[in-house]
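The values are calculated or read from the model by the stated rules, or taken from the named source; none is laboratory data. Treat the numbers as computed from the prediction; the structure is a model and nothing was measured. Cβ sites come from the backbone with ideal geometry, for glycine too, and all protein chains shown count toward neighbours.
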Amino acid sequence: PGILYIVATPIGNLADISFRAVETLNQVNLIAAEDTRHSKYLLTHYQIATPTISLHEHNEQQRSDVLLQKLQAGESIALISDAGTPLINDPGYRLVTRVIEAGIQVVPIPGCSALIAALSAAGLASNRFAFEGFLPPKVFARQHTLQQFIHETRTLIFYESPKRIAATLQDCQQIFGPDRQATLARELTKIHETIKTAPLAVLTEWVTNDLNQQKGEIVLLIAGAPAAITADEQAMQQLLTLLLPEMS
Ligand code: SAM
């Protein structure tokens with residue numbers, strides 16, 4: 001059988017692609033792309049003439065059958081998405097699962113991912129983090145999701161729409177408090193790249209008052225709850241539990 005390559009592509013700056021990725025895209029028989037028209041720009045830039053086929057959220061199941069047959073017939077295929085690493089908030093998971101189940105080799109060609117680029121330049125603790133993808137768009141569901149992370153000590157990473165970033169930051173400030181550090185990483189690798197780390201109160205006010213910060217592609221990072229304070233809080237809670245019966 002052939003090999004399925006999972007190829008990371010740039011998240012803005014076309015130069016952010018590896019030699020190996022370009023080589024692979026040139027050598028495979030077929031490129032499965034999330035949006036073939038969108039990917040044409042990248043492929044033309046690198047003079048890659050490999051045929052493309054679409055694989056997106058809505059046809060992944062049925063396209064997987066076709067791609068699996070081709071792999072079984074000995075063709076090699078590269079999967080790319082519109083930006084960054086496929087499967088990271090992008091299609092491909094079902095295809096990869098099925099290809100592995102069929103005993104066919106899957107090879108990653110690593111490269112960009114917006115969450116890793118953002119984390120690497122945010123200045124927040126990077127040894128442990130939780131990537132949560134997109135927050136729910138509706139207010140109540142979003143607040144509920146954020147509340148679940150009140151005691152999370154790992155750095156939190158979300159993808160967020162520019163339309164909702166101001167409202168989401170306001171929710172974060174309410175839920176995590178005004179002093180919690182957070183980072184807005186916007187338009188990474190592009191002309192208007194902006195990375196700002198500040199306490200939530202400062203970041204929220206800045207984004208709310210500057211419409212330019214509510215444009216483009218955004219990664220939002222929130223520092224984890226400080227472990228020391230969490231332990232203190234726990235001790236305090238234990239103390240209160242002990243004292244309360246005495247006081248009533
Ligand atoms: N597969 C991609 C990756 O590896 O990062 C993520 C795809 S997801 C559908 C698209 C979201 O990623 C955007 O809405 C934004 O939140 C984030 N993103 C992608 N490119 C970005 C960039 N250049 N700067 C900031 N965020 C970006």
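Give, as residue ranges, the helices (runs of 4 or more DSSP H) completely inside the stretch 11-111 that count at least 2 residues that are at pLDDT 95 or above and farther than 26 Å from GLY133 by Cα.
Fully inside the stretch 11-111 and qualifying: 19-27, 36-45, 60-72.
Consider THR24 carefully, then state whether it is among the hydroxyl-bearing types (Ser, Thr, Tyr), free of Cβ contacts under 8 Å to residues at least 24 places away in the same chain and more than 16 Å from the ligand (Cβ to nearest atom).
no
How about the stretch 112-142: which of its residues are surrounded by 12 or more Cβ atoms within 10 Å (Cβ to Cβ) and assigned to a loop (DSSP other than H, G, I, E, B)?
CYS112, SER113, GLY123, LEU124, ALA125, SER126, LEU135, PRO136, PRO137
Have a look at THR145, THR153, THR194 and point out the one that is within 20 Å of the chain's Cα centre (by Cα), more than 15 Å from the ligand (Cβ to nearest atom) and closer than 23 Å to ASN89 by Cβ.
Selected residue: THR145, the only one of THR145, THR153, THR194 that is within 20 Å of the chain's Cα centre (by Cα), more than 15 Å from the ligand (Cβ to nearest atom) and closer than 23 Å to ASN89 by Cβ.
Output the residues belonging to the stretch 105-125 that are away from the ligand (no atom under 16 Å from the Cβ) and within 25 Å of SER18 (Cα to Cα).
GLN105, VAL106, VAL107
Note down all Cβ pairs under 9 Å where the first residue falls in the stretch 4-17 and is free of Cβ contacts under 8 Å to residues at least 24 places away in the same chain and over 13 Å from ALA32 (Cβ atoms), the second is within 12 Å of the ligand (Cβ to nearest atom) and of a type outside the set (Phe, Trp, Tyr), and they're at least six residues apart or on different chains.
What qualifies is ALA15/THR189.
Give the stretch 75-90 a look and list any residue that's more than 14 Å from the ligand (Cβ to nearest atom) and β-branched (Val, Ile, Thr), or say none.
ILE77
Which residues, counting only those in the stretch 11-66, are in contact with a strand residue (DSSP E or B) (Cβ under 8 Å, 6 or more places away or on another chain), of a type outside the set (A, V, I, L, M) and farther than 13 Å from ILE77 by Cα?
Answer for the stretch 11-66, where residues must be in contact with a strand residue (DSSP E or B) (Cβ under 8 Å, 6 or more places away or on another chain), of a type outside the set (A, V, I, L, M) and farther than 13 Å from ILE77 by Cα: SER18, ARG20, GLU34, ASP35, THR36, SER39, LYS40.
Kindly indicate which of ALA201, ALA185 is small (Gly, Ala, Ser) and either touching a Ser or Thr at 6+ places or on another chain (Cβ under 6 Å) or within 15 Å of the ligand (Cβ to nearest atom) (or both).
Exactly one residue qualifies, and that residue is ALA185.
Kindly evaluate PRO162 against the criterion of being within 15 Å of the chain's Cα centre (by Cα), modelled with pLDDT of 95 or more, within 16 Å of the ligand (Cβ to nearest atom) and in a loop (DSSP other than H, G, I, E, B).
Yes: the conditions hold for PRO162.
Among the residues of the stretch 58-74, write down those that are surrounded by 16 or more Cβ atoms within 10 Å (Cβ to Cβ) and either of a type in the set (Phe, Trp, Tyr) or more than 16 Å from the ligand (Cβ to nearest atom) (or both).
ARG63, SER64, LEU67, LEU68, LYS70, LEU71 - these are the residues of the stretch 58-74 that are surrounded by 16 or more Cβ atoms within 10 Å (Cβ to Cβ) and either of a type in the set (Phe, Trp, Tyr) or more than 16 Å from the ligand (Cβ to nearest atom) (or both).
Looking at (1) at positive phi; (2) within 16 Å of the ligand (Cβ to nearest atom), which is the one condition that is false for GLN47?
Unmet condition: (2).
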